[in-house]
Amino acid sequence: MERYYRLHSHIYDYTRWSFLFGRKKIIAMTADFVKPRRILEVGCGTGANLDTLAKTFPDASITGVDISDSMLNKSRRLLEKHGSRIELLNYNYNRPLRRGEYDLVLFSYTLTMINPGWQEALNAANADLSTGGGLAVVDFHRGGTSWFSDWMGVNHVRMEGELLPRLKQSFNPLFLSAPKAYGGLWQYFYFIGNKRIGA
């Protein structure tokens, strides 16, 4: 994965706008449901979402985790202007980071790339969320054609529609939507939920 992102870190922000839809929108929508003081983004990549989170929630402290040093280096350069508000960690999110400390956990086009392990990542998020804390996810849902799904698989993305059912089962849904992209070439989804009481 580090080998993959060593190359893609240089072109990521110039290319992903064409198919990673809804990254800013999920953050804007989340602000209608959650007023977090502590935020965690899993798979923070080049830091674009962290920058948006910092502007949307100016009083929050923010942590971003990623397994790619190349992507984290890009993040550090982008986020210098925010000073110590944003903490960056190289961390494999298959176990909780800080149990019960985060009021919002964001996954933006991360879970479909954690193969295997996305279920462990959701379990970790559930443990890391404070009571009633919010989970926000934007990600791929289903491929409209088998060739497109196969091509995305070559790029480490799994599009089999398994995430939404698990999210609805594990968290209290507050908002969900599954729009089509490019006339149905694929579906992506938005999910905002909160931690179940007693979970």
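As a proxy for reagent exposure, ranking Asp103, Asp51, Asp128, Asp150 by other Cβ atoms within 10 Å from fewest up yields Asp150, Asp51, Asp103, Asp128. A straight chain from Arg196 to Asp59 at 0.36 nm per residue would run longer than the Cα-Cα distance by 46.8 nm.
Within the listed set Thr110, Thr145, Thr131, the residue fluctuating most in the Gaussian network model of the chain (springs between alpha-carbon atoms under 10 angstrom) is Thr145.
Taking every C-alpha pair closer than 8 Å and separated by at least 6 residues, the mean separation divided by the residue count of the chain gives a relative contact order of 19 percent. The count of lysine pairs in the stretch 2-195 with alpha-carbon distances below 23 Å, taking only pairs 8 or more places apart or on different chains, stands at 22. For the chain, a Gaussian network of Cα nodes joined below 10 Å ranks Asn73, Asn94, Asn115 by mean-square fluctuation, and the top entry is Asn115.
As a length-normalised measure over Cα pairs under 8 Å and 6 or more apart, the relative contact order of the stretch 34-89 settles at 41 percent. Between Arg77 and Ala178, the modelled labels are 3.9 nm apart [label points 7 Å from Cα along Cα→Cβ].
A short reminder: the numbers here are calculations on the coordinates, not readings from a lab. Predicted model only: the values in this text are computed from it and were never measured. As a convention, Cβ positions derive from the backbone with ideal geometry for all residues, glycine included, and neighbour counts pool all protein chains shown.
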